[in-house]
1. Among residues belonging to region 148-179 that are buried (at least 17 other Cβ atoms within 10 Å of the Cβ) and among the acidic types (Asp, Glu), point out the one that is farthest from SER91 (Cα to Cα).
2. I want to confirm something. Restricting to region 57-76 and keeping residues that are at pLDDT 95 or above and not in a helix (DSSP H, G or I), which single residue is surrounded by the fewest Cβ atoms within 10 Å (Cβ to Cβ)?
3. Exactly one of (1) away from the ligand (no atom under 13 Å from the Cβ); (2) in contact (Cβ under 8 Å) with a residue 60 or more places away in the chain is unmet by GLN177. Its number?
4. Given the conditions (1) within 13 Å of the ligand (Cβ to nearest atom); (2) part of a helix (DSSP H, G or I), which single one is not true for LEU155?
5. Answer yes or no as to whether GLN5 is in contact with a helix residue (DSSP H, G or I) (Cβ under 8 Å, 6 or more places away or on another chain) and under 19 Å from ASP239 (Cβ atoms).
6. Can you give me the number of residues within region 209-234 that are assigned to a helix (DSSP H, G or I) and under 20 Å from ARG87 (Cα atoms)?
7. For region 104-113, give me each residue that is away from the ligand (no atom under 13 Å from the Cβ) and not in a loop (DSSP other than H, G, I, E, B).
8. Are any residues in region 181-200 out of contact with any strand residue (DSSP E or B) (no Cβ under 7 Å at 6 or more places or on another chain) and within 16 Å of the ligand (Cβ to nearest atom), and if so, which ones?
Amino acid sequence: MTVKQKLFGMEIDALNMGQAIDCLHSWMAEDRRESCRYVVTPNVDHAVLWQEHEGLRAAYREAAMVLADGHPLVWASRLLGRPLPERVPGSDLVPKFFASCQERGRELRVFLLGAAPGVAARAARNIHERWPMVKVVGVYSPPLGFEKDPDENELILGRVMLTQPDLVVVGLGAPKQECWVAQHHGELAAKAALCVGATIDFLAGEKRRAPHWMQRLGIEWLHRMLSEPRRLVKRYAKDAWVFPQLVVKQWLAPSRTWR
Ligand code: UDP
């Protein structure tokens, strides 16, 4: 049984990268279940959104694994006496899991859902080149607003059913990806789905990760903000204002029952 740390209402699994990868392998070794397991990767923005977004809270309740995506969550966990071992960002988990499939000689069937048209196909080419054991069996970039269109949802679920992947990599941005997967995991014909934001863009070389020194210093968010200022400045300003308040709240009332 994994230890779960309750932080700002979210229950986060105290797992390191190696343990998370082992867990994914154990799921892959099982037969498909009636409902597809899914993984969410909270960062500061999720912690802030979680407080007011019932859909995101519901998605977290049903998630099979909850992994801390960012350094600030890990730092806060230690400050609050509910330590997480390390950050396990989705955008590292995916390539590391693919590399481990390659090393173990285990074939993995993957469906890439999300990112702009053409990007997932480029990611698929890069994946096949780097990790030939990983077969991208389908890609789909749903149009804007797809989540409200029953026909689009049918189409996506149909494509996944047809291609029978082991894993669906979902890159639709938060909280859309978490809400969509939570809503449809009962009909998603895969063993697991990973909600991992811009990971498909990174695999395609469409967006660049922050340099390692920035990642180590815990300022990957700064790199992202500078690369997409119009979209992200407002969001990060809100997060920078609200997140410290959440830390202080939990510090002052550690046993406070969050919704
Ligand atoms: N995206 C998408 N469909 C949507 C909204 C977003 O495919 O309706 C993709 C977008 O192209 C990008 C990713 O979702 O590849 C956004 O990931 P990011 O982690 O930047 O999103 P965030 O969670 O930070 O908003």
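1. Checked region 148-179; the qualifying residue farthest from SER91 (Cα to Cα) is ASP166.
2. ALA64
3. With (1) away from the ligand (no atom under 13 Å from the Cβ); (2) in contact (Cβ under 8 Å) with a residue 60 or more places away in the chain applied to GLN177, the lone miss is (1).
4. Answer for LEU155: the failing condition is (1).
5. no
6. Initial filter on region 209-234 (assigned to a helix (DSSP H, G or I)): 212-217, 220-227, 229-234.
Checking which are under 20 Å from ARG87 (Cα atoms) leaves us with 212-217, 220-225.
Qualifying residue count, region 209-234: 12.
7. As a first pass, look at region 104-113 and keep what is away from the ligand (no atom under 13 Å from the Cβ): 104-111.
Result: ARG104, LEU108, ARG109, VAL110, PHE111.
8. ALA182, GLN183, HIS184
The values are calculated or read from the model by the stated rules, or taken from the named source; none is laboratory data. If you're wondering where the values come from, they're calculated on a predicted model, not measured in any experiment. Neighbour counts are summed over all protein chains in view; Cβ atoms, including those assigned to glycine, are modelled from backbone coordinates with ideal geometry.
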